[in-house]
Amino acid sequence: MKELAFKIQGMDCAEEISALKHEVGPLVGGEEHLGFDLIQGKMTIKSEPSVTSEDVMQAVKRTGMQAELWEKHLAGAEKESSWWEQHGRGTAAVLSGVCLLLAFSYHASHVGVVHAFVGGGKEGQTYPLFSLVLYVVAVISGGWFIYPKAFFSMRRLRPDMNLLMTIAVLGAMLIGEWLEGAMVVWLFSIALLLESWSVGRARNAIRSLLDLTPTKARYICPNDGDIEEALVEKVPLEATVLVRPGEKIPLDGILMKGLTTVNQAPITGESMPVSKQEGDELFAGTINGNGAIEMKTTKAAGDTTLARIIHMVEEAQSRRAESEQWVEKFARYYTPLMMAFAILIAIVPPLSGFGTWGAWFYQALVILVIACPCALVISTPVSIVAGLSASARQGVLIKGGVYLEVASRIKVFAMDKTGTLTLGKPKVQRVTPFNEHSEEEVLEIAASLEGQSDHPLARAVLDKASELKLEPSMAQEIQMIPGKGIKGIHQSRLFWLGSHRLLDDNMAESAQVRTQADAFEAQGHSVVFVGNEEHVCGLLSVADSLRPEAKEALNTLKKAGVEKIVMLTGDNQGTAKAISTQAGVDLYKAELLPEEKTQEVEKLMKNHKYVAMVGDGVNDAPAMAVASLGIAMGAAGTDAAIETADIALMSDDLSKLGWLVNHSQRALSIIQQNIIFALGLKALFVILALAGVATLWMAIAADMGASLLVIFNGLRLLKRSKL
């Protein structure tokens, strides 16, 4: 199957999405082959090759909207839109309002304000011809963007808000309520104008991510060594790019020359600049500090971490939250039911002898106006987009509204140990010398033997030696002893370094060495023995360190309502117990294989339903896939982690988990507030209409106010909240 994307002109509300599903769905094999991004005005389809883009565009045209291939839309995005495209909706609304005001003023000057307000057809008064003409112009201009959609809605026999408004306006004019008919059109056009502006603000929240990356970069031309400036798309891979102090880094790469600090907040959400030295990774869109640097590009412009984040945020809107799906299903049946209810209100009471036909017909029109579901259906996608965009700014990449909502329901967090609760970098914690050796001497021997190894334990030894400013010479005649350790010549003497098994191979263990080794192992440390042909020179205690923020981060999760935190690790019991005690987790499981981690998560799911698995996104992928929510730690620059998880924390900051849960709970709360408020207001006006109190202009003002309130309530999620 092929995939195509289209820009849909006129897709402003979920009502239009429903129309597109009805018209385009059968063409491409069903609604399941359609995807919609209301905020971007984008429709994607998956269809057989026999379905052409022209076929799709013709189907869209039958709904009263226009379609354009997404690639063509992007290519022409830089072109200036016509004046009418930019200002047409606003101009029509202003013209309608001006004509409405002039018509009312002229009428009032002849019959008085009170009589003009209650209608020219009452108490023997008639509308002046000039006022009638202005009211007609107000109705036409105010509904310029409404009536075509109403016509197509009627032709499809699928009533929507545009048809409801059109019927209400025509009905008002039919019974001589020209002022109210014109006012309904004008207020509705204002509501659509403000709604379009509000949705545009949410759209700009995503577009602001695009502004993070500079469009050009300076690089050293490999042919002649000259410095050239080119669009980032034209910069070749492995080119040497120059970045001045204060400039944005144009592409992902590796720092080759210079020292600097980099503000990585756009990618990772980190509040403090990060020090960078030669060999460190750099991300496009981050801001260089006070050092001029040279970097080697490692990714093309379209494959940078920032580009992937932008793509994920845009794509995320297709994975809709449960509340969003519920609202759409509700609106599908709600509109025709309310229309049928309005017809009953217009017919049944007068037939039963309660009131006049005119009075009940008027109240039926009020119900049609207040029945407009736009406030209900637009608030949820706006809230979801605002929530996703705010998360991306914090360095929390959420892949869809469904995951944003699920995060608020998590009851158990299952966490990997290494690289998640701990730093993932073993460090030498203690050096204990024996047999008249010093700590520096034992460490120097160990560093000499490990000088050519890239094993994590070797890196820990070398880092400790560097920290103490030791500069050991490289050992000679190095031999690896598989599964046990290493030996070699240091300062003309044979030394060995390794595990307990290597110690047993070389000599009997003394009680003093055994006691000290047992003490370190009880603390969860790995013990490395250093010795020669005569005795044990000393031992090194090596352990991974708990993240500094871990304990506080887990407490924040508990305060947010998480019931249990479980650590799942493949490490030994001693290490697992030590780390779990330091972190304050409720339960730990040690010495687990990947499939056993998955089984543990499945058990938690049975007991608690909503479980999140936090890991590195690769090794823990099976367990993350089984969990309600898979969260990858430190995903910046790691494509596999971004692809694997439902949510990716771009930095190695556990405090983001608490922020995520609180943000998710706030988003769900706002969505629920909007749904309850929109439905409650409509129910109130139905009661007022049945009581004969509500008027058309009151109904449209209430509907417009409801739409704006729920939209602005949703946009509150864009506000940067504190971690």
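Points to keep in mind about this one:
- Cα gyration tensor category, rounded, prolate or oblate, for segment 403-500 with a/c compared to 1.5: prolate
- Proximity of backbone amide H atoms, modeled 1.01 Å from N, is registered between THR261 and LYS276, GLY289, ASN290, GLY291 at under 5 Å, excluding neighbours fewer than 5 places apart on the same chain.
- FRET efficiency estimate (nearest 0.05) - Cβ-Cβ, LYS425 to ALA625, R0 30 angstrom: 0.65
- Pair GLN582, GLU278: separation of 7 Å Cα→Cβ label points (nm): 3.3
- Most tightly packed first, judged by the mean number of other beta-carbon atoms within 10 Å of their residues, the peptides 341-347, 475-481, 51-57 read 341-347, 51-57, 475-481.
- Stretchable slack from HIS87 to ARG459, in nm (0.36 nm times residue separation minus alpha-carbon distance): 127.6 nm
- Ranking of TRP186, TRP357, TRP496 by solvent-accessible surface, largest first: TRP357, TRP186, TRP496 (1.4 Å probe, protein heavy atoms only, all chains present).
- Ranking ASN532, GLN512, LEU546 by Cα position along the charge dipole of segment 476-602, where only Lys, Arg, Asp and Glu carry charges on their C-beta atoms, puts LEU546 farthest toward the positive end.
- Peptide packing: for 242-249, 665-672, the average count of neighbouring Cβ atoms within 10 Å per residue gives the ranking 665-672, 242-249, highest mean first.
- Cross-link table LYS551/LYS606; LYS425/LYS719; LYS411/LYS464; LYS234/LYS719; LYS21/LYS399, entries beyond 30 Å C-alpha to C-alpha: LYS425/LYS719; LYS411/LYS464; LYS234/LYS719
- Packing-based ranking of 398-410, 584-596, 285-297, 554-566 yields 398-410, 285-297, 554-566, 584-596, ordered from highest to lowest mean Cβ neighbour count within 10 Å.
- Set LYS248/LYS299; LYS559/LYS656; LYS427/LYS487; LYS61/LYS149; LYS216/LYS276 screened for pairs whose C-alpha atoms are more than 19 Å apart: LYS427/LYS487; LYS216/LYS276
- Label-point separation, GLU228 to GLN58 (7 Å along Cα→Cβ), nm: 4.7
The values are calculated or read from the model by the stated rules, or taken from the named source; none is laboratory data. None of the values given here were measured: they were computed from a predicted structure. Using ideal geometry, Cβ is built from the backbone for each residue, glycine included, and neighbour counts are taken over all protein chains shown. Calculation scope for accessible area: heavy atoms of the full protein, side chains included, ligands and nucleic acids excluded. Shrake-Rupley method; radii C 1.70, N 1.55, O 1.52, S 1.80 Å.
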